[in-house]
Amino acid sequence: MSRLLLSSGERADVLIDFSKNLPGDKIVLENEAIAPYPEGRANMVLGNFLLPEIMQFTVNTVAPAPKVIPQTLRLHKPLIKPIATTPVQQRFLTLVEIPSPTGPLVVLLNYVYWDEAENYPEMLMERPKVDTVEQWNIINLQPVAHPMHLHLVFFQILNRQKINTTQYTKAYFATGSRTVLTHHAPGGPTVPAGYPPPDPTPFVIGPARPPAPNEAGWKDTVLVNPGEITRLIVPFGAQAAENLPFGNSFTGRYVWHCHMLEHEDNEMMLPFEVVS
């Protein structure tokens, strides 16, 4: 790879060869991504949000110590294989906003506020069963990408697929507006759609795309592009499938959220509960 796309919360191991540089050379790691990614909607309104300079390396005078790039990684780890276990359930999860004349008034997951899910878990919370595999289909109805992070578990990206957001939103709103079950509701006393969100399959466009080569392993954060469904295979416990990278099966409440700080701190976070 000559370029690497990383969203907030994602990590990568990168090898950099400085052996052909001279002592004193300064090399800058730069961010080329426009903000908000990928269209830069706010740049015209709020100014340039591009943060180009991330880190500077200064080459020193010590003689280079050549290292052989390993041909095999994860020498003492099990091979990463696609989860073959059939999901016991598919969940449809939406990234949405309640707009105002000057921009988003509040960004939400599933048009549900944190306090609602916390206080009414059987009505408004995802509750997977321990040691089962589920397929989480995250549908981004916003014009910006969001790095979505699941606590507790690692998952695999199945694929991504574009969706007709206009038609899907119409079907979503046809579920009827819902009265908010909390006093903490900056978007108003109602939200425009019910819970759970509908199946987006009738509104997909074109073929599904497999994950990028650097996304083919285990993940805990995934970039969810605007106008797309991102499908995840999620094992909730060590006994959910074979060859998993964790050895415990926990129950209890955890969270899933956008990994942009100003989003997760402003209602783009929900609890989920692993039940026995």
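The values are calculated or read from the model by the stated rules, or taken from the named source; none is laboratory data. On a predicted model such as this, the values are computed, not experimentally measured, just so you know. Cβ placement follows ideal geometry from the backbone for every residue including glycine, while neighbour counts extend to all protein chains displayed. Side chains included, ligands, DNA and RNA excluded: accessible areas come from the protein's heavy atoms. Shrake-Rupley method; radii C 1.70, N 1.55, O 1.52, S 1.80 Å.
A few comments on the model shown:
- Span from the region 104-163 Cα centroid across to the region 164-191 one, whole angstrom: 16 Å
- Packing, taken as the mean count of other beta carbons within 10 Å per residue, orders the peptides 61-68, 80-87 from highest to lowest as 80-87, 61-68.
- Within the chain: Cβ-based charge dipole about Cα centre, in debye rounded to nearest 20 (Lys, Arg +1; Asp, Glu -1): 800 debye
- Applying a threshold of 27 Å to the alpha-carbon distances of LYS170/LYS219; LYS162/LYS219; LYS81/LYS129; LYS129/LYS170 flags LYS170/LYS219; LYS129/LYS170 as lying beyond it.
- Heavy-atom accessible surface of the chain: percent carbon and sulfur, 1.4 Å: 56 percent
- Net lengthening on full extension, GLU32/THR179 (0.36 nm per residue, minus Cα-Cα): 48.7 nm
- Calculated FRET value between PHE18 and HIS151, using beta carbons and R₀ = 30 Å, to 0.05: 0.25
- Ranked by the mean number of other Cβ atoms within 10 Å per residue, highest first, peptides 208-216, 259-267, 235-243 order as 235-243, 259-267, 208-216.
- Calculated FRET value between THR190 and LEU79, using beta carbons and R₀ = 51 Å, to 0.05: 0.55
- Sites VAL62 and GLU39 - FRET efficiency at Förster radius 35 Å, r taken between beta-carbons, to 0.05: 0.20
- Label-point separation in nm, SER249 to MET123, each point 7 Å along Cα→Cβ: 3.2 nm
- Accessible surface, region 132-276, averaged per residue in Å² (probe 1.4 Å): 42 Å²
- Proximal lysines to LYS26, defined as alpha-carbon separation beneath 24 angstrom and excluding residues fewer than eight positions away on the same chain: LYS67
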